[in-house]
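The values are calculated or read from the model by the stated rules, or taken from the named source; none is laboratory data. Bear in mind that the values here come from a model prediction, so they are computed numbers and not experimental data. All Cβ positions, even for glycine, are placed from backbone atoms using ideal geometry, and neighbour counts span all protein chains on display.
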Amino acid sequence: MSLKHKLALVTGSTSGIGLGIAKALAAAGADIVFNGFGPVEQIERLRRETEAAHGVRTEYSAADISKPAEVAAMVAEAGGGQGPDILVNNAGIQHVAAIEDFPAERWDAVIAINLSGAFHAMQAAIPAMRRRGWGRIINIASAHGLVGSAQKSAYVAAKHGIIGLTKVAGLELANSGITANAICPGWVLTPLVEAQLRDRAARNGRELEAEKRAMLAEKQAMAEFSTPEQIGALAVFLCSEAARTITGAPMSIDGGWVAQ
Ligand code: NAD
């Protein structure tokens, strides 16, 4: 399948799952708008490597997804003003604390980046998708969009929220040529999870490898991490013609996490 001449904007694509999705979409032929934080030289290298490997065009937006005006400008400026054909709302952060101890400022930041940012990007991107009669919106939710875990109130609330937002978008956009779906990964070993892994290993007095096994066993039936490449392949599938009637759906890729 070719996504040639489609423009894909992937938020939070300088690292982890977003980077895996951006690379997979580029490999399928899509031009890419990268977004996310990181050193300028590293981002420039990423753009050059992606362009050379797949013969696609790339752009970069430094928009902070917690800032609605920056999100709207990023979408409006993508592709010299044409806006994206494929929007992947992936940027996300985590904060781990009990509700009584949860800093209000962290709650606001998690909701702003993991939930409201997706709303603002969708609101800005949908009109041009409607005019073209084709679009793909992919929201990166989580197993935590379907079930809860202690100490993750803001994250679980945001991820449940983004699945609700995806369902509404799927209904509103039905028959417009635009689909909206959510991908719900289980554990993926990215910097976001590595930070939690190190904290847990220190707290439990375990080696990192032992803590990895414990972390997986606690939540998933499968004792292995999903990879950014696998999430990328699912995103490419959701952009395909074969997926044209899949909409409003949360798609689990979680080693059996929510099957239990
Ligand atoms: P990561 O920390 O590796 O990457 C996060 C990306 O988001 C980075 O590019 C970062 O620069 C960007 N980002 C963070 N705040 C931003 C902001 N304010 N504005 C713009 N960009 C910002 O994390 P990851 O694990 O790849 O997570 C990506 C998404 O996948 C998140 O939505 C996360 O909740 C979700 N997810 C991750 C896992 C997992 O196990 N890693 C599981 C389920 C869902």
* Looking only at region 141-153, decide whether some residue is farther than 25 Å from Thr227 by Cβ and either near the ligand (Cβ under 8 Å from one of its atoms) or surrounded by 20 or more Cβ atoms within 10 Å (Cβ to Cβ) (or both). => no
* Looking only at region 116-140, which residues are part of a helix (DSSP H, G or I), within 12 Å of the ligand (Cβ to nearest atom) and surrounded by 24 or more Cβ atoms within 10 Å (Cβ to Cβ)? -> Gly117, Ala118, Ala121
* **Single condition Glu194 does not satisfy, out of (1) within 16 Å of the ligand (Cβ to nearest atom); (2) within 24 Å of Ile21 (Cα to Cα); (3) buried (at least 20 other Cβ atoms within 10 Å of the Cβ)** => (3)
* To do: Kindly list the number of the only condition in (1) at pLDDT 95 or above; (2) under 19 Å from the mean Cα position of the chain (by Cα) that fails for Ala195.
  => (1)
* Asked: What pairs come up if the first residue lies in region 6-31 and is closer than 16 Å to Arg45 by Cβ, the second is in a loop (DSSP other than H, G, I, E, B) and more than 13 Å from the ligand (Cβ to nearest atom), and their beta carbons are under 6 Å apart, counting only those six or more places apart or on different chains?
  -> Ala26/Val56
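Conditions tested, residue by residue: (1) in contact (Cβ under 8 Å) with a residue 24 or more places away in the chain; (2) among the hydrophobic types (A, V, I, L, M, F, W, C); (3) more than 16 Å from the ligand (Cβ to nearest atom).
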site: Arg203; (1), (2), (3): no, no, yes
site: Ala210; (1), (2), (3): no, yes, yes
site: Ser226; (1), (2), (3): yes, no, no
site: Leu238; (1), (2), (3): yes, yes, no
site: Gly255; (1), (2), (3): yes, no, no
* To do: Report yes if some residue within region 52-60 is more than 27 Å from Gly133 (Cα to Cα) and either out of contact with any helix residue (DSSP H, G or I) (no Cβ under 7 Å at 6 or more places or on another chain) or of a type in the set (D, E, K, R) (or both); otherwise report no.
  => yes
